[in-house]
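A quick write-up on the structure given underneath.
The values are calculated or read from the model by the stated rules, or taken from the named source; none is laboratory data. It should be emphasised that the depicted structure is a prediction, and the values quoted were computed from it without experimental measurement. Neighbour counts run over all protein chains shown; Cβ positions are idealised from the backbone, glycine included. Remember, those area values only see protein heavy atoms, side chains included, never the ligands or the DNA or RNA. Shrake-Rupley method; radii C 1.70, N 1.55, O 1.52, S 1.80 Å.
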Amino acid sequence: MAVAGQVEFTADELLADAPVSEPLIAGGVRCHGGFDEDGNYVSPRTRFRVPAIESWQARHTELFGTSTVEVPLETWGTHYPNEAQARFLIGAGVPEPLIATLTRIGTVEGYGANIRLLKPSNLQRHFVEDIRGTAIDHLGCGLFEAHGRDEAGWEEEAGHKDMWFAARDMAFGGPPPDLDIEAMLARMGFGQGGAAGLDAPRLLPTDVDGDLELIVTLMIRVLFIEVSAFHTFRWAEAWLSDPDLVDGDGEAAKLVGYIRSDETPHVGYLATTLTELRDRTWIGESGQHHPGTEMIDTLWQHLLAQSLGPGRAANRKAVVGEVAHWCRRRANGEDILAEFHSLGDAAADLGDPHVLGGAA
Ligand SMILES: [Fe+2]
Ligand SMILES: [Fe+2]
């Protein structure tokens, strides 16, 4: 086990599993993680990673006297559609939009693995203060790789992507044969895939290394996705746990709960790294110094506005389009659709009829 206060770790250590007595197998799929002797779920690759994050945070507070950056879940609205709307669609015999949503979540989780494509090294040259013994210094030495493996799976163990698909298939007895996943993802705005956001415009002084800006941008974007996803977990667990509504005796909801616990170290290392970056002085390529507080704040504000505005609107438009698509294949589709909208939360649904008009 990690030694208390240890702040230097090898990539192998940060990728090491904690011992488990039993593997996690869900719907016949061998997943990452497992269970300890008492039957508690143990997330993958947490043997050293979790104590490491605690040590880096403690050391940062000791050296800088500041607290870790936080972004409360309440920053984002609750999941759309809401639980009542999800339950209604399934009850009305239109489960496809929910199947589509679970597929979309799994797909997005898989894209999260792109973070491992960043292989930062020699980051010290960008900062005045020492970065030894920090999360920053371990990004390219196990942290991004562990994150990528958690999201997309590794070797024979399924990661979040396939775990969401397994949850979907347990709840709905497998995707119906007429559900064209590719067409559905294209309707929901997932045509190209790839590393969304890697071509973002520069926001920091041009003197700041472009790769550094890209890495920090991606980390903030992913942190926002990770935190706001807790609304999605809460929502999915609420209706997937109802054996009167879906198949699988609540096993799908349990699987989503395990995925949720795996996300905690992701939020942990991202918030720790961003805090360390915020409290350091950055060195531009010309040698000019820039306060980390300004660098982080500039990107943070821009990306938060993006997440709360266009990002959320695009997501809602995709969901409404998908619901309308499937309702209209039923004889009483317009009635089902009207009822679906009537169950929405007033504030969350603002403007939907217009969106629907454009998407239909
Ligand atoms: Fe995930
Ligand atoms: Fe994650």
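What's the total number of residues in segment 128-183 that are under 19 Å from Ser261 (Cβ atoms) and within 15 Å of ligand 2 (Cβ to nearest atom)?
Total satisfying the criteria: 17.
Can you give me the number of residues within segment 262-279 that are more than 16 Å from ligand 2 (Cβ to nearest atom) and open to solvent by less than 10 Å² (accessible area, probe 1.4 Å)?
Number of matching residues: 3.
Could you check Ala2 against (1) part of a helix (DSSP H, G or I); (2) in contact (Cβ under 8 Å) with a residue 40 or more places away in the chain; (3) open to solvent by 20 Å² or more (accessible area, probe 1.4 Å) and say which number it fails?
(1)
Which condition from (1) away from ligand 2 (no atom under 16 Å from the Cβ); (2) under 15 Å from the mean Cα position of the chain (by Cα) is the one that Val108 breaks?
Val108 satisfies every listed condition except (1).
Any idea how many residues of segment 5-49 are open to solvent by less than 60 Å² (accessible area, probe 1.4 Å) and not in a loop (DSSP other than H, G, I, E, B)?
Summing the residues that are open to solvent by less than 60 Å² (accessible area, probe 1.4 Å) and not in a loop (DSSP other than H, G, I, E, B) in segment 5-49 gives 15.
Among the residues of segment 69-95, count how many are of a type in the set (Val, Ile, Thr) and open to solvent by 40 Å² or more (accessible area, probe 1.4 Å).
Matching residues across segment 69-95 total 2.
In the set Gly250, Gly284, which member is on the phi > 0 side of the Ramachandran plot, open to solvent by less than 20 Å² (accessible area, probe 1.4 Å) and away from ligand 2 (no atom under 16 Å from the Cβ)?
Being on the phi > 0 side of the Ramachandran plot, open to solvent by less than 20 Å² (accessible area, probe 1.4 Å) and away from ligand 2 (no atom under 16 Å from the Cβ) holds for just one of Gly250, Gly284, which is Gly250.
Out of (1) open to solvent by less than 20 Å² (accessible area, probe 1.4 Å); (2) farther than 25 Å from Glu276 by Cα; (3) of a type in the set (Gly, Ala, Ser), what's the single condition that is false for Ala52?
Here Ala52 meets the rest and fails (2).
Determine, yes or no, whether Val256 is within 16 Å of ligand 2 (Cβ to nearest atom), at pLDDT below 95 and either surrounded by fewer than 17 Cβ atoms within 10 Å (Cβ to Cβ) or assigned to a helix (DSSP H, G or I) (or both).
So Val256 fails the test.
Can you tell me which of Glu109, Glu96 is within 30 Å of Arg329 (Cα to Cα), at pLDDT below 95, touching a Gly at 6+ places or on another chain (Cβ under 9 Å) and charged (D, E, K, R)?
Matching residue, one of Glu109, Glu96: Glu109.
Does any residue in segment 145-157 that is in contact (Cβ under 8 Å) with a residue 40 or more places away in the chain and among the hydrophobic types (A, V, I, L, M, F, W, C) come within less than 8 Å, Cβ to Cβ, of a residue that is assigned to a strand (DSSP E or B) and away from ligand 2 (no atom under 11 Å from the Cβ) six or more places away or on a different chain, and which pairs are these?
Partner pairs satisfying both residue conditions: Trp154/His32.
For Ala167, state whether it is modelled with pLDDT under 90, not charged (D, E, K, R) and not in a loop (DSSP other than H, G, I, E, B).
Criteria not met by Ala167.
Can you name every residue in segment 131-177 that is within 16 Å of ligand 1 (Cβ to nearest atom) and charged (D, E, K, R)?
Within segment 131-177, Glu145, Arg149, Asp150, Glu151, Glu157, Lys161, Asp162, Arg168 qualify.
Which condition does Leu245 not pass, out of (1) more than 20 Å from the chain's Cα centre (by Cα); (2) open to solvent by less than 10 Å² (accessible area, probe 1.4 Å), if it passes all the others?
(2)
All but one of (1) under 30 Å from Thr206 (Cβ atoms); (2) part of a helix (DSSP H, G or I); (3) more than 16 Å from ligand 1 (Cβ to nearest atom) hold for Ala271, so report the exception by its number.
Every listed condition holds for Ala271 apart from (3).
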